[in-house]
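> Here it is, the structure in full.
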Amino acid sequence: MTVENTDMGIVVRAAGGPEALEWTAVNTGSPGPAEVRIVQRAIGVNFIDTYFRSGLYPWPSTPLIPGAEAAGVVAEIGTEVADLRVGDRVAYTMPLGAYRMQRVVPAERLVKLPDAIAFDVAASVMLKGLTAQFLLTSCFPVKAGDTVLVHAAAGGVGLLLGQWLKTLGAISIGTAGSPEKVAIAKANGYTHVIDYRTEDFAARVKQITGSAGCDVVYDSVGKDTWRGSLKCLKLRGSFVHFGQSSGMIADFKFSDLASGGSLFATRPMLFDYIKSRAELSSRAADLFARLASGEVKAHVGQRAALRDAADAHRELEGRRTIGATVLLP
Ligand SMILES: NC(=O)c1ccc[n+]([C@@H]2O[C@H](COP(=O)([O-])OP(=O)(O)OC[C@H]3O[C@@H](n4cnc5c(N)ncnc54)[C@H](OP(=O)(O)O)[C@@H]3O)[C@@H](O)[C@H]2O)c1
């Protein structure tokens, strides 16, 4: 295959629905002194990709090449790159632009992949697994015996959180949107799982916890769940709002934290927790060790060709996916 043949990717020229994802030729270029060109083997799909595509999040440049997570092989290195070689297996999360067959990335954002971690697994955990890692260790450090509520428990991040919480000895309550998803979340570590499309999750959490409530709620659904989430918290509990798959929270007030029982709230972003090379490396090492030991397993529920990214977005936004989705170039 010539270099020209591999210069294909997904481009968005104007914000819109999945149909805005256009399979087209892209220009890869050559790496600068501190950069590396990689040939990508697997690309992760994340809900954040839909926020950028739809225009909910501002674009760094126009047109947009979406995608924030991928794995592949180093094909060319810049003159100042000392710790990587052509042929190394690597993975990254960010910068944006992963929906393409090959690309140039800053060498400092790459981590070397242990041999045991396949490309599709790596492309499903660099963003989602590092998110589970920072949420559980730094955002609200969960300890044995804590009661934890996680929404979208059968999703990409959700299945990783369930398994990880089990290893921490937490009592975990997941919510999921169908009987099939409830069963999969239960099989992935959650102590209890509530179908929040048919049940009032806040009432069920009250029942499960004997009215004690949760130490922390990890809420990535947003608009449809945040009010119920606050009701699920103990006095001085923590509301970790890390995504908005149902839409942005528009009407939250600081006084909601007072009336909920002196609650704490944060709206964290992974990229603020892996800004430095040292922090990225140590969080990735923790994640890879848990994958290697089998404590946490990646669940790639869907695979699609990169050129069919639009279908993958339709499935994700339609709540029809389980675990992670990976695009194959
Ligand atoms: N802050 C950060 O740094 C960070 C990092 C990574 C991910 N995130 C966030 O974490 C969340 C999970 O990401 P993911 O990529 O793993 O996605 P995902 O959880 O696999 O997919 C989103 C899930 O949200 C649920 N959902 C509830 N209401 C929905 C609605 N109206 N439309 C669509 N989905 C709805 C669906 O599960 P049910 O059918 O079970 O309800 C759906 O499967 C996203 O909100 C994402 O933005 C944040």
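The values are calculated or read from the model by the stated rules, or taken from the named source; none is laboratory data. Being a predicted model, the structure only gives us computed values, none of them experimental. With ideal geometry, Cβ positions are generated from the backbone for all residues, glycine too; neighbour counts draw on all protein chains shown.
> Quick check on Asp215: is it out of contact with any Cys (no Cβ under 9 Å at 6 or more places or on another chain) and within 16 Å of the ligand (Cβ to nearest atom)?
No; evaluated as a whole, the condition is false for this residue.
For every residue, the table says whether it meets (1) within 16 Å of the ligand (Cβ to nearest atom); (2) free of Cβ contacts under 8 Å to residues at least 60 places away in the same chain.
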residue	(1), (2)
Phe254	no, yes
Phe271	yes, no
Glu279	yes, yes
Leu287	yes, no
Lys297	yes, no
Ala309	yes, no
Arg319	yes, no
Pro329	no, no
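> Separate question: Got a sec? Which of Gly237, Gly228, Gly213 is more than 22 Å from the chain's Cα centre (by Cα), touching a residue at least 12 places away in the same chain (Cβ under 8 Å) and on the phi > 0 side of the Ramachandran plot?
Values: Gly237 fails: on the phi > 0 side of the Ramachandran plot; Gly228 fails: on the phi > 0 side of the Ramachandran plot.
That would be Gly213, the only listed residue that is more than 22 Å from the chain's Cα centre (by Cα), touching a residue at least 12 places away in the same chain (Cβ under 8 Å) and on the phi > 0 side of the Ramachandran plot.
> Could you please tell me which pairs satisfy a Cβ distance under 7 Å, a separation of 6+ or placement on different chains, a first residue in segment 41-52 that is near the ligand (Cβ under 7 Å from one of its atoms), and a second residue that is at pLDDT 95 or above and among the basic types (Lys, Arg)?
The qualifying pairs are Asn46/Lys128.
> Right, something else. For the subset of segment 229-257 comprising residues that are in contact with a Phe, Trp or Tyr (Cβ under 8 Å, 6 or more places away or on another chain) and of a type in the set (A, V, I, L, M), which member is surrounded by the most Cβ atoms within 10 Å (Cβ to Cβ)?
Going through the qualifying residues, I end up with Leu233.
> Of (1) polar (S, T, N, Q); (2) surrounded by 18 or more Cβ atoms within 10 Å (Cβ to Cβ); (3) in contact with an Asp or Glu (Cβ under 6 Å, 6 or more places away or on another chain), Ser220 satisfies all except one. Which?
(3)
> With Thr209, Thr225 as the choices, which residue is farther than 27 Å from Arg41 by Cβ, at pLDDT 95 or above, within 12 Å of the ligand (Cβ to nearest atom) and β-branched (Val, Ile, Thr)?
Thr225
> Among helices (runs of 4 or more DSSP H) lying entirely in segment 114-182, which contain 2 or more residues that are surrounded by fewer than 24 Cβ atoms within 10 Å (Cβ to Cβ), in the same structural domain as Pro95 (by TED's automatic domain parsing) and out of contact with any Phe, Trp or Tyr (no Cβ under 7 Å at 6 or more places or on another chain)?
Those helices (runs of 4 or more DSSP H) span 119-125.
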